[in-house]
Amino acid sequence: MYQAARKLFLSECQCADDASRSYEALFAKLDANKDGKVDVSEMKAGLAAMGIRTGAGAAKKIVSSGDKDQDEGLDFNEFSKYLKDHEKKLRLTFKSLDRNNDGRIDLLEIKQSLADLGMDISKAEAEKILQSIDVDGTMTVDWNEWREHFLFNPATNLQEIIRYWKHSTVLDIGDSLSIPDEFTEEEKTTGLWWKQLSAGAMAGAVSRTGTAPLDRMKVFMQVHSSKSNKISLVGGFKQMLKEGGVASLWRGNGVNVLKIAPETAIKFTAYEQYKKMLSSEPGKIRTHERFMAGSLAGATAQTAIYPMEVMKTRLTLGKTGQYSGMLDCAKKILKKEGVKAFYKGYIPNILGIIPYAGIDLAIYESLKNLWLSRYAKDTANPGILVLLGCGTMSSTCGQLASYPLALIRTRMQAQASLEGSEQLPMKRMVQKILEKEGFFGLYRGILPNFMKVIPAVSISYVVYENMRSGLGIQK
């Protein structure tokens with residue numbers, strides 16, 4: 001692999017002068033126009049010409065990382081300093097993986113390192129990862145092979161898998177019951193985590209606003225639709241427009257957007273604390289421990305912001321002039337029904353976290369491990385289509401499993417505001433729906449719910465990427 005690069009600088013007995021001469025020879029090859037600088041296009045073309053495969057965007061990241069004078073190119077000093085610094089990082093990573101200090105990384109060390117990141121992979125999958133780096137066919141990786149594989153890829157450790165395979169931060173499809181994303185130690189210490197969470201929150205706000213009419217239709221059908229009162233999509237929208245005009249399609253969206261910030265902050269903080277409490281070994285988190293910590297963090301966040309969930313439902317179902325805003329809604333609920341009203345439907349909401357988060361995590365981890373074992377050769381970056389596809393599929397399956405509980409929650413939140421509506425506990429409400437409407441009565445409103453998934457995912461991803469760029473987060 002990369003024979004040209006091996007001849008230039010991958011001899012195991014290099015001294016400092018030899019390394020410097022190797023860097024000079026390599027720089028000369030990359031500097032195609034001989035202007036004393038290597039820009040992104042030269043870096044990309046030169047590495048490709050030498051047969052050195054790099055991950056998507058690697059050339060740009062190398063130049064931006066080493067370009068100290070911000071002239072969009074690397075002179076020789078910047079180029080050699082980048083390589084030397086990068087080699088130091090690679091050496092530290094190699095040593096951390098080489099657990100028995102024999103100068104080689106073997107199959108068990110690869111498997112254990114991934115397990116420490118919460119990824120349990122099979123022996124066959126570990127073999128494929130090892131083979132993608134192993135040059136001499138020994139089924140072990142020495143320092144030269146490791147350096148050769150990663151020298152021109154900005155990834156310096158296996159936590160790149162965590163960095164690339166985020167989905168709850170990136171995608172917002174209206175529900176916030178998924179397990180929070182992991183952040184690498186580098187992201188935590190450099191403060192990148194709060195920028196990524198901020199980008200995700202903004203993406204969620206725009207996404208929810210864009211799909212608010214479909215969300216309102218979902219709630220409308222959950223509460224009012226039945227066998228005797230069938231509501232179609234077209235009929236429902238006509239009814240909303242007639243009652244309150246175009247603006248009425250966004251009722252309840254304000255509080256739905258406002259709750260993103262406190263929920264994200266509480267969930268992330270709680271998740272980090274629960275991980276410390278539940279992990280069997282300090283600094284390591286297994287998949288089942290991550291599920292437990294994530295579920296508890298979700299329950300904590302939902303408990304704190306649940307009154308906003310109730311207000312969102314009431315505002316969404318409210319008629320023109322019924323409430324002047326969020327504060328007016330809160331005052332009227334408190335005056336008429338008391339504090340308890342702000343936690344109606346709380347039990348089915350909390351119960352819904354388990355099937356949603358469990359299925360979302362299981363399917364996403366399975367799809368992630370499948371891709372990593374089959375296609376991850378030069379980078380852990382799956383690309384946009386794979387990431388969106390896996391995230392959408394896992395989140396949709398999670399929604400499908402927890403939807404009946406979401407419907408029960410919404411009806412319990414709304415029933416006090418409906419004239420002549422009977423105040424039913426959760427168990428009795430389920431029985432009544434099954435008796436009158438059958439099993440599919442628990443899935444009223446599922447169509448607009450699924451219709452909003454693709455636009456919600458698309459909007460949230462586009463906004464997230466633009467926010468990342470605006471906040472200076474490198475890809």
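What does the charge add up to near T300, with Lys and Arg as +1, Asp and Glu as -1, over the other residues with Cβ less than 11 Å from its Cβ? Let's see the in-between values first.
On the way: positive: K267; negative: E263.
Within the 11 Å Cβ shell, the charges total 0.
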- Query: Quick one: S64, S232, fewest Cβ neighbours within 10 Å first, how do they rank?
  - Reply: S232, S64
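Using only alpha-carbon positions, what ratio does the radius of gyration of the stretch 205-338 give when scaled by 2.2 N^0.38 Å? Don't jump to the answer; show the numbers that get you there.
Values: Rg = 18.9 Å, N = 134, 2.2 N^0.38 = 14.1 Å.
Against the empirical 2.2 N^0.38 Å value, I get 1.34 for the stretch 205-338.
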- Query: Most exposed first by the Cβ proxy, i.e. fewest other Cβ within 10 Å, how do V206, V462, V135 rank?
  - Reply: V462, V135, V206
- Mind sorting T211, T303, T93 by how few other Cβ atoms lie within 10 Å of their own Cβ, fewest first? T303, T93, T211
- Query: What does the charge add up to near A414, with Lys and Arg as +1, Asp and Glu as -1, over the other residues with Cβ less than 10 Å from its Cβ?
  - Reply: +4
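Computed from the coordinates by the stated procedures, all read-outs in this text should not be read as laboratory data. All values reported here derive from a predicted model rather than from experimental measurement. Cβ: placed from backbone, ideal geometry, glycine included. Neighbour counts: every protein chain shown.
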